[in-house]
1. Going by the conditions given, is GLY46 more than 30 Å from ILE226 (Cβ to Cβ) and not basic (Lys, Arg)?
2. Quick check on region 76-88. Is at least one of its residues farther than 28 Å from GLN16 by Cβ, modelled with pLDDT of 90 or more and in contact with a Pro (Cβ under 7 Å, 6 or more places away or on another chain)?
3. Can you tell me how many residues within region 69-91 are basic (Lys, Arg) and under 20 Å from TYR146 (Cβ atoms)?
4. Among the residues of region 169-207, what is the count of those that are assigned to a strand (DSSP E or B) and touching a residue at least 40 places away in the same chain (Cβ under 8 Å)?
5. Which members of region 21-45 meet the condition of being within 24 Å of GLU236 (Cβ to Cβ) and at pLDDT 85 or above?
6. Restricting attention to region 87-111, report how many residues are more than 15 Å from TRP234 (Cβ to Cβ) and surrounded by 14 or more Cβ atoms within 10 Å (Cβ to Cβ).
7. Could you tell me which numbered condition LEU224 fails, if it satisfies all but one of (1) surrounded by 16 or more Cβ atoms within 10 Å (Cβ to Cβ); (2) more than 28 Å from VAL249 (Cβ to Cβ); (3) under 33 Å from the mean Cα position of the chain (by Cα)?
8. Has region 82-91 got at least one residue that is assigned by TED's automatic domain parsing to the domain that holds LEU216, in a strand (DSSP E or B) and under 37 Å from the mean Cα position of the chain (by Cα)?
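The values are calculated or read from the model by the stated rules, or taken from the named source; none is laboratory data. The structure displayed is predicted, hence computed values, not measured ones. Note that each Cβ is placed from the backbone with ideal geometry, even for glycine, and that neighbours are counted across all protein chains shown.
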Amino acid sequence: MSQRPQQPSERDPGRQRLQRVLASAGVTSRRKAEEMIVAGRVSVDGRIVTELGTTVNPERQRIAVDGQTVKVERRRYILLNKPKGYITTVADERGRQTVMDLVDVPERVKPVGRLDRPSEGLLLFTNDGELAFRIMHPRYEIEKEYEVELDGHPPPDALERVRRGITLDGERISPSMVRPMRNGPDGTIMKVVIHEGRNRVVRRMFDEIGYPVLRLQRTRIGPLQIGSIPRGAWRELTPGELEQIRQAVRMDEDDFRPPRPVERERPRSSRAGAQRGSTERRGGPPSRGGRRPDDRGPRPSGGPPRRRDDRRSSGPNRDRPPQRARPQGGGPRRGRPPGSRPPERPDRSSAPPDKQQPKDQPEKRDE
């Protein structure tokens, strides 16, 4: 008995497509997982699933392939307020402090993006590889907002140069927003919003105009705000925040879009028969000479190609002279000057008596 796919109104933030769960667990690729589902090899809570639209919550439901339970790691989504002095990496070969020293959970979470060592602010951790990929990919244009304190007070023309874009490593970087917020004791405090995720991109932009960054704090990642998280502390995403970030990267649209049907390979004989049938309905393929099989006779070798009228040399009408087409528009016949009268028919009364026919009988013609 197959399980009915969940409707969009029944979904929750932890529910996702079955083929994605299998691919994330390392069972197989997503495409192969779809074939396994259609073949009836996958079960959810003991019930065979054969519909590709089925969604599951891997934290609450038991998923098995060929009777073997699939071990699915619990999804974690964590927000950290990173302090200065920590490196954004999973492990450091030089033994320096990393952000993993601040987030101690049993799941294998990883930081999404990075903040350099002197920077601070919002950093997202997750073991959801698909979500992490989309947040960092420029296609989805997830905004990152920063609060930046500069060394000095740049004039408006310098800030306008940053707004128009700065070329770094041969590529032009154009921020979405560059706006002064207030004046600090050492310089202007700016709000900067960018889509690019390059290393030290904000610092390098202001270095180009001669006003280095003294302090940099990330305050927002898409819809996720740093809020009141203390420096060096972390918390889980709320269900509402998780739904918002999934919508920002269009994961819900992909999860609940009608799936592609899995194509089953057709036998070669049926394909060939279908092609022959369609070819016969169209009259057959052209021959090597460029004509279809219903043409009359082969093309003569040598000399100019045969005209349409030459085809009358064979068949029942071979003795009938070719007729000329009348001009369109009802004009006069070819060979008669316009306005002239047609020639009069000869008077049959002048013929010999033995050749005359009665007027009340129709003229006989050769059949």
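1. Against the criterion (more than 30 Å from ILE226 (Cβ to Cβ) and not basic (Lys, Arg)), GLY46 qualifies.
2. Within region 76-88, one or more residues are farther than 28 Å from GLN16 by Cβ, modelled with pLDDT of 90 or more and in contact with a Pro (Cβ under 7 Å, 6 or more places away or on another chain).
3. Here the count works out to 2.
4. Residues meeting the conditions: 6.
5. Once the filter is applied, which keeps residues that are within 24 Å of GLU236 (Cβ to Cβ) and at pLDDT 85 or above, region 21-45 yields only VAL21.
6. Qualifying residue count for the region: 2.
7. It is condition (2) that LEU224 fails.
8. Within region 82-91 (the criterion being assigned by TED's automatic domain parsing to the domain that holds LEU216, in a strand (DSSP E or B) and under 37 Å from the mean Cα position of the chain (by Cα)), the answer is yes, since at least one residue qualifies.
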